[in-house]
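To start, the structure under review is shown below, and the notes come after it.
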Amino acid sequence: MTSGGAVNFDYLFKYIIIGDAAVGKSNLLLRYAHGQFKAEYQLTIGVEFGAKNVEIRNKIYRVQIWDTAGQESFRSITRAYYKNSVCALVVYDISSRDSFNNVSTWIEDCKNQSPSTIYMVLVGNKKDLDDRRQVTTEEGQELADKFGMQFYETSAKTGENVENIFIDSADVIAKKIDENYYDLENDSCGIKQGVNRASGNNNNARRLDEQQNQSRPKSSCCLKWNPLVLIILLNIK
């Protein structure tokens with residue numbers, strides 16, 4: 001069960017979405033957080049942000065999702081968001097062999113920059129383009145098995161399997177919390193303990209989202225909204 005409103009929660013999870021440009025990372029976030037899809041491709045500049053609540057075994061988990069830019073030009077900005085993340089979705093496009101070939105690089109980059117406790121999920125997106133498929137389901141599963149990752153094929157366009165990624169991964173993380181897998185006193189694990197929902201304070205989730213949003217690297221804010229900076233950066237050799 002999921003909820004989009006800013007209500008009190010038991011735990012906040014920080015997720016990042018990584019992968020090549022144009023594999024549908026932004027649309028996965030848009031589909032999950034808002035139930036929407038944009039057919040026209042728009043370059044993500046810096047980092048986009050969204051959040052949604054998940055209810056698992058009578059507890060509320062706020063999944064805070066950071067969608068990162070896939071271009072090499074923004075890789076240094078993206079790396080800043082690996083830190084303090086509890087889960088990474090590594091995304092490729094099933095109709096793009098190149099994006100699949102680059103998955104191993106993204107995984108290694110994530111391992112090098114993220115907490116050792118990070119939970120990674122492999123996502124083959126654009127399942128609605130099955131007639132243009134260049135990567136088989138078996139290949140995706142084999143790669144996921146190689147790195148010990150959960151694997152999903154999704155369509156951000158139709159919504160197929162999108163919610164399952166976030167609900168299932170949040171369930172795994174919640175179980176690990178119960179097993180004392182994470183050091184919850186250390187923010188680097190990507191988990192923040194929430195507030196007592198019985199207190200009736202419904203503004204905490206919104207405040208935490210705002211604090212996280214304000215703490216993003218300053219350069220990503222500038223890049224996100226300044227087309228001139230984008231043009232300059234894309235022409236730097």
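The values are calculated or read from the model by the stated rules, or taken from the named source; none is laboratory data. The shown structure was predicted, so the numbers you read here are calculated from the model rather than taken from an experiment. Cβ placement follows ideal geometry from the backbone for every residue including glycine, while neighbour counts extend to all protein chains displayed. Just the protein is used for accessible areas: all its heavy atoms, side chains included, with ligands, DNA and RNA removed. Shrake-Rupley method; radii C 1.70, N 1.55, O 1.52, S 1.80 Å.
Among 52/111; 59/111; 38/59, which pairs are too far apart, with a Cα-Cα distance over 27 Å? Working shown, then result.
Numbers: 52/111 25 Å; 59/111 29 Å; 38/59 32 Å.
Going by Cα-Cα distance, 59/111; 38/59 fall outside the 27 Å limit.
Take the residue pairs 25/83; 127/176; 126/192 and return only those whose Cα atoms are more than 28 Å apart.
Details: 25/83 19 Å; 127/176 30 Å; 126/192 32 Å.
127/176; 126/192, as the Cα separations exceed 28 Å there.
Please work out the average accessible area per residue across segment 108-154, using the 1.4 Å probe convention, and give it in Å².
Working: 2440 Å² over 47 residues.
Per residue, segment 108-154 has an accessible area of 52 Å².
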Point to revise | At R0 = 25 Å, FRET efficiency that the Cβ-Cβ distance of residue 184 and residue 38 yields, to 0.05 | key: 0.10
Revision key, fill the gap. Most packed first (mean Cβ within 10 Å per residue), the peptides 24-31, 179-186 order as 24-31, 179-186
Exercise for review: Beta carbons within 10 angstrom, averaged per residue: use that to sort the peptides 160-169, 87-96, 119-128, highest first.
Suggested key: 87-96, 119-128, 160-169
